[in-house]
Amino acid sequence: MISERLREKFNTAKHVCVLTGAGISAESGVPTFRGGGQTAVWKGMPFDEISSARMVRENLPEVWEWFDYRRGVLKDCEPNAAHFALAKWQDKFADFTLVTQNIDGLHAAAGSRGVVELHGNIQRAYCTNCEKRFDIRGKIPHAPDECDECGAKARPDVVLFGEMLPAGALFNAQSAAVNCDLFFVIGTSALVYPAAGLAELSKRAGAFLVEINPEETPMTGFCDEPIRARAGEILPLF
Ligand code: BV8
């Protein structure tokens, strides 16, 4: 499963960057988007329709119902062996960056520090007017619904389709991608940009690219080492 070549690179790498997607949380019971689970469609709307800038403008209560439902599913989900393995990696290398597309907070829950959350976090909200942030962890339905500073509506602190990514997070992710010598892409269908572009950016900058996914993706073709395995099965073996 892990070639001698990869093991040697892993043991000598100075700068490592990891990009994760919903697949790394699958073994925690978090439904993936394209695995046909309960988060692929909401009341007949595909997730990239309900999770969109347009829906926030047109029907914020519906967007909140969708996110509060997912927060309910997440309540019983714990980090799995893959999250814990990556939390151990952060002290193995001179420079380590964990970038995630996930909004479930499971990397931090497993002990990862400084996780770059490209698409925000489902346990936070912010005011649509003054952008004050709120921690809504444990509050289902979410609270507050209106900002206690200016009274405007709160919205999920999650990057939706058609929205820009947080500039700082994207910059940090791109910097880590171009400066690393080993880049892992774990549990993503590699379809959503700009996150999916990080692996190619890294490869073009000279990194050795590893993909961990039970299925092929558009990225598999230009990976140096595609590993057809579940994250929870293979990551503890490094
Ligand atoms: C942007 C948070 C600039 C929300 C997410 C029209 C208008 C505007 C933009 C666009 C447009 N057309 C295209 C775009 C760009 C768009 C895009 O890329 N669309 C795609 C569909 C073509 N991108 C955007 O809109 C981004 N912003 O471009 O801004 C802009 C702004 C305005 C106008 C123009 C441009 C913002 C994208 C962020 C969206 N938010 N999440 C929420 O959660 O509801 S995206 C969401 O889906 C994820 O975060 C992730 O990024 C993405 C893909 O999901 P994955 O994580 O890969 O999960 P998936 O289920 O797909 O795959 C799971 C994988 O795991 C599978 O491969 C499976 O085999 C594997 N797996 C399963 N089990 C395991 C496993 N692997 C390992 N171990 C296991 N056990």
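The values are calculated or read from the model by the stated rules, or taken from the named source; none is laboratory data. Note that the coordinates shown come from a computational prediction; the quantities given were computed from them, not determined experimentally. Reconstructed Cβ throughout: ideal geometry from the backbone, glycine too, with neighbour counts over all protein chains shown. What goes into the accessible areas is simple: the full protein's heavy atoms, side chains included, and nothing from ligands, DNA or RNA. Shrake-Rupley method; radii C 1.70, N 1.55, O 1.52, S 1.80 Å.
Given the criterion farther than 23 Å from VAL116 by Cβ, within 14 Å of the ligand (Cβ to nearest atom) and at pLDDT 95 or above, identify the matching residue among GLU211, GLU215.
Values: GLU211 fails: farther than 23 Å from VAL116 by Cβ.
One residue alone meets the criteria, GLU215.
Would you please name the residue that is farthest from the ligand (Cβ to nearest atom), looking only at residues in region 24-41 that are out of contact with any Pro (no Cβ under 9 Å at 6 or more places or on another chain), open to solvent by less than 30 Å² (accessible area, probe 1.4 Å) and within 22 Å of ILE136 (Cα to Cα)? Top of the filtered list is VAL30.
Across region 167-187, the qualifying residues are those that are of a type in the set (S, T, N, Q) and open to solvent by 40 Å² or more (accessible area, probe 1.4 Å), and the one among them that is farthest from the ligand (Cβ to nearest atom) is ASN179. All of (1) within 16 Å of the ligand (Cβ to nearest atom); (2) in contact (Cβ under 8 Å) with a residue 60 or more places away in the chain; (3) hydroxyl-bearing (Ser, Thr, Tyr) hold for THR97 with one exception: (1). There is no residue in region 50-68 that is farther than 16 Å from ASP157 by Cα, open to solvent by 20 Å² or more (accessible area, probe 1.4 Å) and within 12 Å of the ligand (Cβ to nearest atom).
Of the strands (runs of 3 or more DSSP E) that lie entirely inside region 102-166, those containing 1 or more residues that are open to solvent by 40 Å² or more (accessible area, probe 1.4 Å) and touching a residue at least 12 places away in the same chain (Cβ under 8 Å) span 120-127, 133-135.
Do any helices (runs of 4 or more DSSP H) entirely within region 29-91 hold 2 or more residues that are charged (D, E, K, R), and if so, which? Outline the logic, then answer.
On the way: elements: 47-50, 53-58, 60-74, 81-89.
Of the helices (runs of 4 or more DSSP H) lying wholly inside region 29-91, those with at least 2 residues that are charged (D, E, K, R) span 47-50, 53-58, 60-74.
Hey, does region 200-208 have a residue that's within 12 Å of the ligand (Cβ to nearest atom), under 21 Å from ASP181 (Cβ atoms) and not charged (D, E, K, R)?
Taking region 200-208 as the starting set, the residues that turn out to be within 12 Å of the ligand (Cβ to nearest atom) are none.
Within region 200-208, not a single residue is within 12 Å of the ligand (Cβ to nearest atom), under 21 Å from ASP181 (Cβ atoms) and not charged (D, E, K, R).
Does PHE96 satisfy the condition of being open to solvent by less than 60 Å² (accessible area, probe 1.4 Å) and not assigned by TED's automatic domain parsing to the domain that holds PHE10? Lay out the reasoning, then the answer.
Details: open to solvent by less than 60 Å² (accessible area, probe 1.4 Å): yes; not assigned by TED's automatic domain parsing to the domain that holds PHE10: no.
Considered against the rule, which asks whether it is open to solvent by less than 60 Å² (accessible area, probe 1.4 Å) and not assigned by TED's automatic domain parsing to the domain that holds PHE10, PHE96 comes out as no.
Screening HIS15 on (1) surrounded by fewer than 18 Cβ atoms within 10 Å (Cβ to Cβ); (2) closer than 22 Å to PRO214 by Cβ; (3) more than 9 Å from the ligand (Cβ to nearest atom) shows it passes everything except condition (2).
Being without any contact (Cβ under 8 Å) to a residue 60 or more places away in the chain, more than 28 Å from SER52 (Cβ to Cβ) and within 10 Å of the ligand (Cβ to nearest atom) is a condition met by no residue of region 188-197.
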